[in-house]
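Here's the structure we're looking at; comments come further down.
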Amino acid sequence: MKGQRPALRLRPMRVEDIPAVVQLDRLSFATPWSTSAFRHEVLGSNHSHMLILERAGTSQRSSPHTAASAGAREQRGWRAWWRGRSQPENPTGYGGLWVIEDEGHISTLAVQPNERGQRLGELILTALIQRALAAGAGYIVLEVRVSNHVAQALYRKYDFTIAERRPRYYADSEDAFTMRLDLGDDTSIHFQKRRAALWQHFATRQGLQDAYTESPWPEACAAPG
Ligand SMILES: CC(C)(COP(=O)(O)OP(=O)(O)OC[C@H]1O[C@@H](n2cnc3c(N)ncnc32)[C@H](O)[C@@H]1OP(=O)(O)O)[C@@H](O)C(=O)NCCC(=O)NCCS
C-alpha cells in the first residue's frame with residue numbers, strides 16, 4: 001500500500017549480515033563482540049540461534065525475473081540480485097539465543113538507535129523466547145549491566161526477575177545482574193497470549209513476516225545437535 005512502511009521480517013542471521021551487525025553492536029554496547037565472535041555464532045556453534053529483524057524490501061532481494069525481462073537485461077538482473085543477496089542493508093535489530101539442554105540463554109539483543117521505542121526490542125525478545133520454547137528450553141537466563149535500566153525494564157515486562165548479581169562481570173569491570181524466566185506451563189501460556197497480541201499488532205500495521213521462530217533451523221546456520 002502506498003505510504004506504508006516496508007514489512008518487518010524476522011529471519012535467521014547469515015554470514016553476510018555480520019559486517020552490518022558488527023556496526024550496530026558497536027553503536028549499542030560498551031564492550032562489543034568481534035567479527036569472529038559473530039562468525040562463530042552463525043557458522044561454528046551447534047547451540048546458537050541468531051536472529052535478524054529487517055524491513056523487507058530494503059535489501060533489494062527481489063527475484064531477477066522481476067528485475068529484467070530477457071537477454072542482457074536478464075544477465076544484469078541476476079547480477080543485481082546477487083549483489084543484493086550478498087550486501088544486505090542495515091538490520092533494524094538483532095538478537096542471539098543459545099539453547100543447551102533445557103537452558104535458554106539470551107546472548108545479545110539490540111535495535112538501531114533511531115528505531116528504538118517502537119516495541120521492536122520487545123518483538124525480538126518475544127521471538128527469542130518463542131524459539132527457546134520451540135527448542136525445548138525450560139528456563140531462560142541472561143546477563144544485563146546493572147546500569148542498563150532500559151533493558152532491565154524490557155526483561156521485567158516479560159516476567160524476568162533478578163536471580164543474582166555478578167561482580168565485575170564485564171571487561172570494563174561493571175557488575176551484571178543475571179535475570180531468569182522460568183517457562184512453566186502457566187508462564188508459557190501467559191507468554192503465548194502476549195506474544196500473539198504483539199504479533200497481531202505488528203502484522204496489522206507492518207505486515208510482519210516470521211521466518212525465525214517456528215521454522216526448521218536452516219542450513220545457513222549450524223544445525224542443532
Ligand atoms: C534495550 C533495547 C533492545 C530496547 O529496545 P526498544 O525497541 O527501544 O524497546 P521497546 O520499544 O521494545 O520497549 C519495550 C520495553 O522496554 C522498556 N523501555 C524501552 N525504552 C525505554 C526507556 N527509554 N526507558 C525505560 N524503559 C524503556 C519498557 O519497559 C518498554 O515497554 P513499555 O513501552 O510498555 O514501557 C534497546 O534500547 C537497545 O538496543 N539498547 C542497546 C543495547 C542493549 O542494551 N541491549 C540489551 C543488552 S542486555
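A full extension of the chain between Ala197 and Gln118 corresponds to an added length of 26.9 nm, given 0.36 nm per residue minus the alpha carbon distance. Summing Lys, Arg as +1 and Asp, Glu as -1, what charge do residues with Cβ under 11 Å from the Cβ of Ile129 carry, Ile129 excluded? So the surrounding residues net to +1. Stretched out straight at 0.36 nm per residue, the stretch from Asp182 to Val15 would grow longer than its current Cα-Cα span by 57.0 nm.
In order along region 171-177, phi translates into HN-Hα couplings of 4, 8, 6, 5, 6, 10, 9 Hz, rounded to whole numbers, per the Karplus curve 6.51 cos²θ - 1.76 cosθ + 1.60 with θ = phi - 60° and x for Gly and Pro. Across region 199-206, coupling constants 3J(HN,Hα) worked out from phi with the 6.51/-1.76/1.60 Karplus curve, θ = phi - 60°, read 4, 4, 4, 6, 5, 6, 8, 9 Hz, and Gly and Pro carry x. Here the peptides 121-131, 101-111 are ranked by packing, the mean other Cβ count within 10 Å, and the order with the highest first is 121-131, 101-111. Ordering of 154-164, 182-192 by packing is 154-164, 182-192, highest average first (other Cβ atoms within 10 Å, averaged per residue).
Coordinate-derived values only; no laboratory data. For clarity, every value in this text was computed on a predicted model and none was experimentally measured. Every residue, glycine as well, gets a Cβ built from its backbone with ideal geometry; the counts of neighbours run over all protein chains shown.
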